[in-house]
Amino acid sequence: MLNDTTRPVQFILRAKRIPAMKAAAPSSRKSIDSAGKPDLKIALCSWRITTATIARRLVQGVDLWLNNPLRPMEASGTSGMKCAPNGGINLSVLDGWWHEGFNGNNGWAIAAEISDGTVEFQSAVDANSLYQLLENQIIPLYYAKPDGKLPLAWLQLMRESIRSVTPVFNTHRMVKEYTERLYIPAARSHENFGQNGCEPATQLSQWKARMRKDWPQVRIHDVQVGNKDRQNILVGESLEVSARVYLGDVDPNHVRVEAYHGEADNGGIKNPMVSVLNASGQNGDGSYLYQGSVPASESGAYGFSVRVVPIHPNLMQSHELRLIAWS
């Protein structure tokens, strides 16, 4: 690829590595030394010092941004995020931000993660995938000019990269989301908990202590399906679910009973959703009847379970106490 005169390729290497990446030192040094060879001086360049000015020129000027960390060592990958708004296209393993940002049409993903293999085997698979992508897809696409002037397919990838990445992976969106989802709720909670000598905070703390003490009493005794045909539910219909739940000393106003449902996957549930079951009666012995329905919106094999979680208006999120009871 480096010596191909008909479809020339130039690699620009960032020579400065993170101090903790000691394992990368030999391969980095080998690549940098290769850049000094006479036959590779044009095709392989390296920057030993990276400044903000140089980085700005790189993200503005490169066509393809290559990032190949060892999974799951990629902390984030902000350089690839910066490249996309400038029309650059990402080529990376599905780790860090690219695992979320890649949509199949805005760049390329290097190989798949091998969960039960060695690091050496994963690296070999990644290297083979990288060369295959470059030789068989990326370079031919870059030089494909059906009108004799412009690489139309490559330009479409650039547009899709800008369209899909820029609105999501940017500092404006990040700060806005932190503000709306964290900072403002935290400020409101601080104001609320500080009233009347921090009485709401004291009450919440006491409630948490009671819930932790009484939660072991919570049990789901019986789960029933009300449909005549319990195995086959037509699309558009609903699965009628009821559950008898023993709460003991736990206030029923402080729990939510849910049907946890989704695609059946080897005894588990994939792509789960939640439907709330409402209280419809009680026995007087600390047990309550909850009923609800699970919509069958798509065809396929689905499963469900019933669970109970504690609720309180001042909880920041529903699993804050790490308490849950399953059927």
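At a glance:
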read-out: Every pair of residues 6+ apart whose Cβ atoms lie under 6 Å, when the first sits in the stretch 157-172 and is at pLDDT below 95 while the second is basic (Lys, Arg) and open to solvent by 50 Å² or more (accessible area, probe 1.4 Å); value: none
read-out: The stretch 60-89, subset of a type in the set (Val, Ile, Thr) and at pLDDT 85 or above, residue surrounded by the most Cβ atoms within 10 Å (Cβ to Cβ); value: 89
read-out: Any hit, the stretch 112-120, residues being buried (at least 21 other Cβ atoms within 10 Å of the Cβ), in a loop (DSSP other than H, G, I, E, B) and in contact (Cβ under 8 Å) with a residue 40 or more places away in the chain; value: no
read-out: Residue pairs meeting the criteria (Cβ under 8 Å; at least 6 apart or on separate chains; first farther than 21 Å from residue 318 by Cα, in the stretch 189-204; second modelled with pLDDT under 95 and open to solvent by 70 Å² or more (accessible area, probe 1.4 Å)); value: none
read-out: Residue check for residue 310: within 14 Å of residue 208 (Cα to Cα) and in contact (Cβ under 8 Å) with a residue 24 or more places away in the chain; value: yes
read-out: Filter result (surrounded by fewer than 16 Cβ atoms within 10 Å (Cβ to Cβ) and of a type in the set (S, T, N, Q)) within the stretch 124-139; value: 128, 132, 136, 137
read-out: Options 241, 294; residue that is touching a His at 6+ places or on another chain (Cβ under 6 Å) and part of a strand (DSSP E or B); value: 294
read-out: Odd one out for residue 142, checked against (1) in contact (Cβ under 8 Å) with a residue 24 or more places away in the chain; (2) surrounded by fewer than 17 Cβ atoms within 10 Å (Cβ to Cβ); value: (2)
read-out: Some residue of the stretch 256-265 being within 20 Å of residue 285 (Cα to Cα), part of a helix (DSSP H, G or I) and of a type in the set (A, V, I, L, M); value: no
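Here's the yes/no breakdown for (1) open to solvent by 50 Å² or more (accessible area, probe 1.4 Å); (2) among the small types (Gly, Ala, Ser); (3) part of a loop (DSSP other than H, G, I, E, B):
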{"residue": "197", "(1), (2), (3)": "yes, yes, no"}
{"residue": "204", "(1), (2), (3)": "no, no, no"}
{"residue": "214", "(1), (2), (3)": "no, no, no"}
{"residue": "221", "(1), (2), (3)": "yes, no, no"}
{"residue": "235", "(1), (2), (3)": "yes, no, yes"}
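The values are calculated or read from the model by the stated rules, or taken from the named source; none is laboratory data. Treat the numbers as computed from the prediction; the structure is a model and nothing was measured. Glycine also receives a Cβ, built like all others from the backbone with ideal geometry; neighbour counts cover every protein chain displayed. Only protein heavy atoms, including side chains, enter the accessible area calculation; ligands, DNA and RNA are left aside. Shrake-Rupley method; radii C 1.70, N 1.55, O 1.52, S 1.80 Å.
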